[in-house]
Amino acid sequence: MKIALRELRRRPGRFATATVILTLIALLLLFLGGLLDGLIRNSTGAVRAQQGGVVVSSAASQSSFLRSRIDPDLRARVAAAPGVEEVGGLGIVQLGARVPGNGPRDLADVALFGVEIAPRGVPNVPDTGEVWADRILEADGVRVGTELLLGPARSPVVVVGFVEDTNYLGQAGLWGSPATWRSVVAANRPAEIVADGVFQSLVVRGSGSPVDLAAAVDAATGGATLSLTIADTANAIPGVAEQRGTFNQIIGVTVAIAIVVIALFFALLTVERVALYGVLKAIGARSRTIFAGLVVQAIVVTVIASTVATVVVLLLDAAIPPGSIPVTITVPRIVSSVLSLLVAAVAGSAFSLRRVLRVDPASAIGSSS
Amino acid sequence: MFLALKEMRRAKVRFTLLMAAVGLLVFLILFQQSLQNGLITAFVGAVRNQSAPVLVYSVDGRRVIQGSVIGPELEAQVRDAVAGGRVGRIGQGTFTVTADDALSEATVLGYEEEGLGSPTTLVTGRLPQGPGEAVASAADEAAGFGVGDVVRIEPGGLEVRVVGLADDIQLNVAPTLFVAYETYLDAVRSRNPDAGTPPPNVLAVEPAPGISAGDTAALINAASDDLDALTRADAAAKTPGVAQVQQSFRVIFLLYGLVVPLVTGLFFLIVTFQKAPSLTLLRAIGAPAGRLVAALLVQVLLVVGGGLAIGIGLYAPLSVQRIGGITLRFETAAVIGWSIALLVLGTASSVVSARRVVAIDPAAALGGTGMDR
């Protein structure tokens, strides 16, 4: 083990190229993971911020807020379902927002939510004409007190506070009252007007597990609703499941490439050192000690590569302007990527085990094995 | 040549591992190339493959058809700006539909006249000629959107019969139906009786004779700060998300593209060091450096070529599949382009090894390895 570490210290050049390659692979893993997290965070924040157990939509909507309609009768049946304690209406409209001081064509993308139950981070449902805004809008020059003009009708709303991580499909969340939402929809989206008392979806709080609550609601409405837990609602947003599946497959194949690259590199190193291993075995070193040295070297190289890649990806994250590449680097993503690479390092170096076991100590008598 | 092949036969595991690594990388690059192109086509195919040379959005629409609303005042300004040209309305919405006895999501895009928003890639059937008819995206034929199939808009039950299929006309990664404008309005009312008669989402413009699409777009934009006129190509390229997807994939391709020559270069550098004594001996008995370098290059080309074969072999069957709503395609241009690029990069990566071979001193056979590390 000590020999392996000493070799790393004394002959770092021997491991340099492999470290560079692994750094690139680690960078790929972190970037791919960050891209996946960024895309999903950007799409699902508004749903994850809901303070309820279940989101209820009309059955025909397939969980799309925009296509869902819940009228007062249906809402009453939801409220009467066993276990339901509180029901809050929710509506959404996606618009461009004019920010004072910005150019006439320089609009911010927003999703205005009208809610009866305030989401996480918003203390109370604001008064009519007021909204809480997602902090991402600060990049567009929005501040507390800014009056935004929404849509072609220039419907005014005043920002009274900021909230984190509430974007919907890449658009900044604005959180207002149902009255604000209704007036903005009526002025800007005639095709989406809903009658008084009608909402697009409901957020339901209740007793028991969210899964049971969802089942109870759908049973109470006779299948007229589609109720999902918050996590399932986020996952049902168009593209989220597909993005997650596809990116995870790409990340999986990239880890497989890391395994092959590490296996290749250490197989070559092992071939180079067969004579040395023969000598070590002849003076009493056990195969497992030699193999452990290889694994340690693989782990050290991977840790160095992962550290460099993490620093680079964090710098990249800081350098990417908001609104371009949606990369979000999180600690869990860094940890999971580094762990995957460490597993790949151990698995890759294990390819050399057979060759180490085959080394004959007697070969030390000659010049090679 | 003989030496190169013989060595590869004797060290099968090493060379196979390298080929497998290159093959997996090639596979990933090509797969992601298909994914990128498929994703963008599924996002904006309907914009790219509709017939209007210019599309006019409201600035508030943020270049999303469904988000744009053109009121009567803006419409009048557009008609004034393109005097001599043709202007047609386009309406678009995403609807829940029953197709093939199952609920699914579909985009309905209504246009008024052929040439002003009609699909241009019809592969079978005909364009809609009356109410309740549609051209559907060919990629969704098997999902209940084939010619003769009836798609029902939910709720409301408005029935639309598919009379034609067109390639690459999806919008928002969903089955897409091109219908007459009146049919679109019926669909909106079917879903939401409170909706009334909504204004068009965008306007389709055919420039006046002698005026280019770009100039027409500039004329319209000059008419009002609330209008956002784009040529067809710009409308597709500037749809929100498209540039982000392309930028993200560009970074990914760059990183994968760097890994291939690095892995190949590292491998041959190590192998060259390992066989330094043999190479020195060969030089000492008269083998010219050029022949040894040629053997090295043959190995590089065989490894990268083998990797390409493995990668393309893995990619080919996957490239004809669908992932979610995205139709993948075998990207011949990408295969050729990446093959050439990786062969060049792979060969270039062996330059360091080749220089080492050239630098071998035959006299060192008398007492050393022939090269210092």
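Of B:Arg79, B:Arg63, B:Arg89, B:Arg9, all but one fail to be outside any loop (DSSP other than H, G, I, E, B), in contact (Cβ under 8 Å) with a residue 24 or more places away in the chain and not polar (S, T, N, Q); the exception is B:Arg89. Every test in (1) over 19 Å from the mean Cα position of the chain (by Cα); (2) among the hydroxyl-bearing types (Ser, Thr, Tyr); (3) within 10 Å of another protein chain (Cβ to nearest Cβ) is passed by A:Ser227 save one, and that test is (3). For segment A:195-215, a residue qualifies if it is surrounded by fewer than 21 Cβ atoms within 10 Å (Cβ to Cβ) and within 14 Å of chain B (Cβ to nearest Cβ), and the qualifying residues are A:Ala195, A:Asp196, A:Gly197, A:Val198. Just to be sure before I move on: is A:Gln62 in the same structural domain as A:Leu226 (by TED's automatic domain parsing), within 30 Å of A:Val78 (Cα to Cα) and out of contact with any Ser or Thr (no Cβ under 7 Å at 6 or more places or on another chain) in the structure I sent? Criteria not met by A:Gln62. Within segment A:165-219, take every residue that is among the basic types (Lys, Arg) and outside any helix (DSSP H, G or I) and give me the one that is nearest to A:Pro72 (Cα to Cα). Within segment A:165-219, the match that is nearest to A:Pro72 (Cα to Cα) is A:Arg205.
Comparison of A:Pro326, A:Pro321 shows that the only residue that is in a loop (DSSP other than H, G, I, E, B) and loosely packed, with under 14 Cβ neighbours inside 10 Å is A:Pro321.
The residues of segment B:208-221 that are surrounded by 20 or more Cβ atoms within 10 Å (Cβ to Cβ) and within 14 Å of chain A (Cβ to nearest Cβ), listed by number, are B:Ala217, B:Ile220. All of B:Leu74, B:Leu28 fail the test of being buried (at least 19 other Cβ atoms within 10 Å of the Cβ) and under 30 Å from B:Gly265 (Cα atoms), apart from B:Leu28. None of A:Val255, A:Val261, A:Val313 is closer than 16 Å to B:Ala21 by Cβ, within 19 Å of the chain's Cα centre (by Cα), part of a helix (DSSP H, G or I) and in contact (Cβ under 8 Å) with a residue 12 or more places away in the chain except A:Val255. Selection of segment A:35-63 for residues being part of a loop (DSSP other than H, G, I, E, B), out of contact with any Asp or Glu (no Cβ under 7 Å at 6 or more places or on another chain) and within 12 Å of another protein chain (Cβ to nearest Cβ) yields only A:Ser63.
Residues of segment B:130-144 that are surrounded by fewer than 20 Cβ atoms within 10 Å (Cβ to Cβ), in contact (Cβ under 8 Å) with a residue 40 or more places away in the chain and farther than 17 Å from B:Gly45 by Cβ: B:Gly130, B:Pro131, B:Gly132. In segment A:44-63, the residue that is modelled with the highest pLDDT out of those that are surrounded by fewer than 22 Cβ atoms within 10 Å (Cβ to Cβ) and closer than 23 Å to A:Glu164 by Cα is A:Arg48.
For segment A:6-25, the condition of being of a type in the set (D, E, K, R), in contact with a Lys or Arg (Cβ under 6 Å, 6 or more places away or on another chain) and more than 13 Å from every other protein chain (Cβ to nearest Cβ) holds for none of the residues.
I'd like to know if segment A:181-191 contains one or more residues that are at pLDDT 90 or above, more than 13 Å from chain B (Cβ to nearest Cβ) and either surrounded by 19 or more Cβ atoms within 10 Å (Cβ to Cβ) or at negative phi (or both). Looking through segment A:181-191, at least one residue is at pLDDT 90 or above, more than 13 Å from chain B (Cβ to nearest Cβ) and either surrounded by 19 or more Cβ atoms within 10 Å (Cβ to Cβ) or at negative phi (or both).
Every condition in (1) out of contact with any helix residue (DSSP H, G or I) (no Cβ under 9 Å at 6 or more places or on another chain); (2) closer than 24 Å to B:Ser137 by Cβ; (3) within 10 Å of chain A (Cβ to nearest Cβ) holds for B:Phe249 except the one numbered (1). If you check B:Gly286, B:Gly306, B:Gly290, which single one turns out to be at positive phi and out of contact with any strand residue (DSSP E or B) (no Cβ under 8 Å at 6 or more places or on another chain)? Selected residue: B:Gly286, the only one of B:Gly286, B:Gly306, B:Gly290 that is at positive phi and out of contact with any strand residue (DSSP E or B) (no Cβ under 8 Å at 6 or more places or on another chain). Among the residues in segment B:325-333, are any under 17 Å from the mean Cα position of the chain (by Cα) and of a type in the set (D, E, K, R)? There is at least one residue in segment B:325-333 that is under 17 Å from the mean Cα position of the chain (by Cα) and of a type in the set (D, E, K, R). Would you call A:Leu294 within 14 Å of chain B (Cβ to nearest Cβ), closer than 16 Å to A:Glu7 by Cα and either out of contact with any Gly (no Cβ under 9 Å at 6 or more places or on another chain) or of a type in the set (Asp, Glu) (or both)? Answer is no for this residue.
The number of residues in segment B:92-126 being assigned to a loop (DSSP other than H, G, I, E, B) and either within 21 Å of B:Val188 (Cβ to Cβ) or modelled with pLDDT under 95 (or both) comes to 9.
Give the residues of segment B:79-117 that are within 14 Å of chain A (Cβ to nearest Cβ) and of a type in the set (Phe, Trp, Tyr), sorted by residue number. The one that is within 14 Å of chain A (Cβ to nearest Cβ) and of a type in the set (Phe, Trp, Tyr): B:Phe95. For segment A:213-253, filtering for residues that are at pLDDT 85 or above, within 18 Å of B:Ala42 (Cβ to Cβ) and hydroxyl-bearing (Ser, Thr, Tyr) leaves 0.
Look at segment B:175-200: where a residue is more than 10 Å from chain A (Cβ to nearest Cβ) and farther than 16 Å from B:Glu154 by Cβ and a partner is basic (Lys, Arg) and outside any helix (DSSP H, G or I), sitting 6+ places away or on another chain with Cβ atoms under 6 Å, you get B:Tyr181/B:Arg89; B:Pro200/B:Arg89. Residues in segment A:87-107 that are more than 25 Å from A:Val194 (Cα to Cα) and among the aliphatic types (A, V, I, L, M) were compared, and the one that is nearest to the other protein chains (Cβ to nearest Cβ) is A:Leu107. Taken over segment A:73-86, residues that are surrounded by fewer than 16 Cβ atoms within 10 Å (Cβ to Cβ) and either part of a loop (DSSP other than H, G, I, E, B) or within 14 Å of chain B (Cβ to nearest Cβ) (or both) amount to 2. Taking B:Ser224, is it in contact with a helix residue (DSSP H, G or I) (Cβ under 6 Å, 6 or more places away or on another chain) and either more than 9 Å from every other protein chain (Cβ to nearest Cβ) or surrounded by 23 or more Cβ atoms within 10 Å (Cβ to Cβ) (or both)? For B:Ser224, the condition - in contact with a helix residue (DSSP H, G or I) (Cβ under 6 Å, 6 or more places away or on another chain) and either more than 9 Å from every other protein chain (Cβ to nearest Cβ) or surrounded by 23 or more Cβ atoms within 10 Å (Cβ to Cβ) (or both) - is met.
The values are calculated or read from the model by the stated rules, or taken from the named source; none is laboratory data. Predicted model, so just to flag it, every value in this text is computed and none were measured. Glycine gets a Cβ as well: all are built from the backbone with ideal geometry, and neighbour counts include every protein chain shown.
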